[in-house]
Amino acid sequence: MYLSLRRSPQSWEEVIFQFACSLACELTKQVLEGMDDELAREKTKDTRVVSFKEKWVICLFGDVKFKRRLYRDSDGAYHFSLDGKIGLDKGSHVSSVMKRLALEASTNYTFREVEQNIKAIFPWAPSHTTVHNLSGKVADSYIEEEKEEVKALYEDGVISESGDRVSPYLFMEADGVNISLQREKKRFWQGFSLTLAKKHDLPRIDKVIVGGDGAPWLKVGAELFWWSL
């Protein structure tokens, strides 16, 4: 570290930060492997250790490599106890905090911009492909949940939470921006109506006004809100 500072004294912040992070990575390795040892002492008798496997994770300090135990339970299923304990998704190499930062940023920026923005703060970051995959997994879970809610609403007339906003008119404006879900016209509008129903008391709204650029998929929305203009 001191040699780097002598060569480039004006970069003292970056040099010291990277040095501190390297120490944090080594400490993290020791702590995680110590946690794995503790979990091994707490395992049940019908669970046995199969082997040790190396894992690397991108976290706030950088890339951390550590070894943890692979277990086989009485049912023949394999699992890493440590991964679940520290909040790692199966097959993921991104820590829970780094994952949260990437997902929050991806709501405002492209995946490539997320990678670039994180690297502007830290010397490391999940790749834009990893951010894409993380976002897709989160989106899939919400889509499945929405499907169940839409089914309950349109087949049984049941909604998990209903809104209480009431007004004489409800204005909606939709444009022709290319969103893949718009190709599934009915599903798009049913999901959107579910969102509205959670905020507004739709049966008590006199008129729904749907505005747009005349694209065919907009007509499905107008038909769904049959009292619309």
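None of the figures in this text is laboratory data; all of them are computed from the coordinates on show. It should be emphasised that the depicted structure is a prediction, and the values quoted were computed from it without experimental measurement. Because the Cβ atoms are built from the backbone with ideal geometry, glycine has one as well, and the counts that use them run over all protein chains shown.
Figures for the structure shown
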| item | result |
| --- | --- |
| Degrees, to the nearest 10: 12-42 long Cα axis against longest axis of the chain | 90 degrees |
| Shape category assigned to segment 1-133 from the gyration tensor of Cα positions, a/c cut at 1.5 | oblate |
| Matching label, Cα extents along the principal axes in Å computed from the structure shown, candidates (i) 46, 44, 37; (ii) 45, 41, 28; (iii) 71, 58, 30 | (iii) |
| Pairwise label distance in nanometres, D201 with E33, each label 7 Å out on the Cα-Cβ vector | 6.4 nm |
| Between 0 and 90°, nearest 10: helix 128-156 axis offset from the chain longest Cα axis | 40 degrees |
| Other-chain or far-sequence residues with amide H under 5 Å of V94's (modelled H) | I58 |
| Whole-Å distance, taken between Cα centres, linking segment 14-35 and segment 138-156 | 42 Å |
| Neighbour net charge for V166 - beta-carbon separation under 12 angstrom, K R +1, D E -1 | 0 |
| Square roots of five times the Cα gyration tensor eigenvalues for segment 95-156, Å | 31, 10, 8 |
| Folded to 0 to 90 degrees: helix 96-106 orientation relative to the chain principal axis, Cα | 40 degrees |
